[in-house]
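Take a look at the structure set out below.
The numbers here are math on the coordinates, done by the rules we state, and not lab data. It should be emphasised that the depicted structure is a prediction, and the values quoted were computed from it without experimental measurement. Here the Cβ is made from the backbone with ideal geometry for all residues, glycine too, and neighbour counts use every protein chain on show.
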Amino acid sequence: MDAGLKEVILAIITWNPDKVKGGGCPVFYAQDQKEMEKTALLLARILGGMVHDLENDVYIIVKH
């Protein structure tokens, strides 16, 4: 029996605070595009998730 979480957003990363408001998961604000990409990759490794680029200055980390 598998009781783990599946298909859940673990984190949101953006450099544009107008794009994301607080909600059900942590939001990380980067200084620029480069920091946003690096933060997304590091968080994905740490959390065991996948990075998805929403192509609007927002990345999400999702556990599949």
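Loop-only check: which trypsin sites (Lys or Arg not before Pro) in the chain are DSSP coil with at most 15 other Cβ within 10 angstrom?
Answer in residue order: LYS6, LYS19, LYS21.
Per DSSP helix of 4 or more residues, -39500 (n - 2.57); summed, then divided by the residues of the chain. What does that give at 222 nm, rounded to the nearest 500?
It comes out at -7500 deg cm²/dmol, rounded to the nearest 500.
Note the full-extension length gain between LYS63 and VAL8 as 0.36 nm times their separation in residues minus their Cα-Cα distance, in nm to one decimal.
Full-extension gain reported as 19.3 nm.
Sequence neighbours fewer than 8 away in the same chain don't count; with that in mind, list the lysines whose C-alpha is under 27 Å from LYS6.
Those lysines meeting the cut-off are LYS19, LYS21, LYS38, LYS63.
What residues qualify as long-range amide H neighbours of TRP15, i.e. H under 5 Å apart, gap of 5 or more or another chain, H built at 1.01 Å from N?
The list, which skips near neighbours in sequence, is ALA30.
Could you grab the relative contact order for the chain? Cα pairs under 8 Å, six or more apart, rounded to a whole percent.
Worked out over the chain, it gives 41 percent.
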